[in-house]
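Worksheet: the structure to be examined is printed underneath.
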Amino acid sequence: MFQEALNLSEADERAQWGMAEVLWREGNREEAIVHLSRAIQLSGKNPELLVRLGDMHLELGNLTDATEQAEAALRVTRKHEGAWALKGKIYRAQERNEDAMDCYQRALIYNPENFEARIAVADIYRDLGKPQRALATIERLADSHVIESIPARAWMLKGLALADLGEMLDADNCLYEALVRAEDNADLLIELAEKRIELGHVAEARTVLAQIISHNPNNRQALRLQQAILDSAVRSLPVDMVSGTNRYATENLPLNPPKPFAGP
């Protein structure tokens, strides 16, 4: 439908934008950027489109181009929360946490309900070794929103902050909520699997990875993590169990492989 609209008029900015999104989701990144750039020109530099183009460049690792789009959006309006959040993401990619925090805080000034910015602030607090601040930041979401609307990543960060503070039971409950709400978000599920491994819940992590691989057998991150679990388990086996053909390295290794029978 977008192509039909463009056949009628290439000056249709909405069709250019729509075509860009379709191409992006299909994996045709270069053409998507061409169409979105055209939409920006036709729109007179709509800041929403500038931020979206910046997000695309950021996902491709083009930090300079992403920064240019964020700055262009801020030249249109200094109060654009999305542009400040984009700058925050760029600084995070550069591991400049303090600068990222400043940008996310600016985004929250212009929109205190910005989930993305508040979750990012909590994540930075954890990286800075301030789990109590991270927890307080996430709990503000619960204070102002019904529990059903809180996104999976917020539950994950709350769980990790609680784990940092030694409150493991509450942490496990929050991470379970994150798993339930993540649904088919493969990237988030992989991140949750990694965190569950860190906290010692390997069996749960393997279940999550199996779920991802059942939907996408070629997911490289899930396969890599699954293999890492297998390799770690094999390394922990007694020497006489990994000799010869090493069947545990080639088969679906059970979480707790049987100990060798030592006799009476």
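The values are calculated or read from the model by the stated rules, or taken from the named source; none is laboratory data. Computed from a predicted model, the values in this text were never measured in an experiment. All Cβ positions, glycine included, derive from the backbone under ideal geometry; neighbour counts span all protein chains shown.
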Legend entry - Among the candidates Leu6, Leu42, Leu36, Leu23, residue that is in a helix (DSSP H, G or I) and either within 19 Å of Lys87 (Cα to Cα) or modelled with pLDDT under 95 (or both): Leu6
Legend entry - Count of the range 34-56 residues which are more than 22 Å from Lys79 (Cα to Cα) and under 22 Å from the mean Cα position of the chain (by Cα): 0
Inset, instruction - Working only within the range 98-131, note down all residues that are in contact with a Gly (Cβ under 7 Å, 6 or more places away or on another chain) and either aromatic (Phe, Trp, Tyr) or over 20 Å from Asp55 (Cβ atoms) (or both). - result: Tyr104
Inset, instruction - Determine if the range 25-32 includes at least one residue that is closer than 26 Å to Ala100 by Cα, out of contact with any Pro (no Cβ under 6 Å at 6 or more places or on another chain), in contact (Cβ under 8 Å) with a residue 24 or more places away in the chain and buried (at least 20 other Cβ atoms within 10 Å of the Cβ). - result: no
Inset, instruction - Would you be able to say whether some residue in the range 132-141 is out of contact with any Gly (no Cβ under 6 Å at 6 or more places or on another chain), closer than 23 Å to Glu116 by Cβ and loosely packed, with under 13 Cβ neighbours inside 10 Å? - result: yes
Inset, instruction - Consider only pairs whose beta carbons are under 6 Å apart and that are at least six residues apart or on different chains; among these, list those whose first residue lies in the range 76-90 and is within 12 Å of Cys103 (Cβ to Cβ) and crowded, with 21+ Cβ neighbours inside 10 Å and whose second residue is β-branched (Val, Ile, Thr) and at pLDDT 95 or above. - result: Gly82/Val51; Ala83/Val51; Leu86/Val51; Ile90/Thr67
Legend entry - Count of residues meeting criterion [over 20 Å from the mean Cα position of the chain (by Cα) and crowded, with 19+ Cβ neighbours inside 10 Å] in the range 109-128: 0
